[in-house]
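The values are calculated or read from the model by the stated rules, or taken from the named source; none is laboratory data. Computed from a predicted structure; not experimentally measured. For neighbour counting, all protein chains shown are included, and Cβ atoms are generated from backbone atoms with ideal geometry for every residue, glycine included.
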Amino acid sequence: KARRDQINAQIRALRDLLPLPEPERPRLSYLHVMALACIYTRKGACLRPGEQRPRRRPGDAACGDGMRDA
C-alpha cells in the first residue's frame, strides 16, 4: 500500500507540471497524465534547437506521433 501511495503521489506531482489549464488537471486519469507526460517529453526532445536528435530504434515512436492534441 505504501508503494502504491508513493507512485500515486508522484503521478499527481507530474500532473501539476503539465502545461494545461488548472481546471482541467484534476479531471485527468493517471493513465492520461502518463500519456501526456510522454508526449510532452518526446515533443521537447524533438524540438530542442541546436541539438542532434537521438537515433531512432525500430519500433520507437517518431517525433510528431500522437502530438496533435498536445
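Of all residues in the range 35-60, those satisfying the criterion of being surrounded by 14 or more Cβ atoms within 10 Å (Cβ to Cβ) and at pLDDT 90 or above are Ala35, Leu36, Ala37, Ile39. Of all residues in the range 22-34, those that are of a type in the set (Lys, Arg) and either at pLDDT below 90 or touching a helix residue (DSSP H, G or I) at 6+ places or on another chain (Cβ under 6 Å) (or both) total 1.
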